[in-house]
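Below: one structure, written as structure tokens.
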Amino acid sequence: MAIQLSPELEARVQKIMDTGNYESVDEVLNTALDNLYEELPIDLSNPDVIAKLKAMVAVADEDLAAGRFEEFDAEKLRQEIEEYLDERGCPK
């Protein structure tokens, strides 16, 4: 597979190559992808996982269309977290 990198990405890869820690562009990209997969909490290569994610998105879309949601309020969330921690005697 041939991949066309944007000039910005090409410069970033070249900067990494210039460190001397990698022998090829493939090695840089493989390392980057390995690191990405390690950080992902789910296995995106598993068809069952993808099917479940699609089902969850469909439910979320239905909820949005039906008005079953509330706007995110950072201050309200902060207060709820503080109350939760206070109830459990956790230090702030």
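Since every read-out is calculated from the coordinates, none of them should be taken as a lab result. Not measured: the values here are computed from a predicted model. Here the Cβ positions follow ideal geometry from the backbone for every residue, glycine too, while neighbour counts run over all protein chains shown.
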| field | Estimated 222 nm signal from helices in the chain, with DSSP H stretches of n ≥ 4 weighted -39500 (n - 2.57), rounded to 500 | value | -21000 deg cm²/dmol
| remark: Semi-axes in Å, largest first, for the chain (Cα gyration tensor, √(5λ)) are 40, 24, 15
| query | Which angle between 0 and 90 degrees, to the nearest 10, do you get for helix 74-87 versus the longest principal axis of the chain when only C-alpha atoms count? | reply | 70 degrees
| task | Counting other beta carbons within 10 Å of each Cβ, put ARG12, ARG68, ARG88 in order, fewest first. | result | ARG88, ARG68, ARG12
| task | Would you please state which residues of segment 30-49 a label at ILE3 would reach in this model, taking the label point 7 Å out along Cα→Cβ and a backbone N cut-off of under 13 Å? | result | 30-37
| request: Count charges around PHE72 for me, please; just the other residues with Cβ under 14 Å from its Cβ, Lys/Arg as +1, Asp/Glu as -1. | output: -3
| request: Evaluate segment 39-79: find the radius of gyration of its Cα atoms, find its Kirkwood radius, and give the ratio Rg to Rh. | output: 1.16
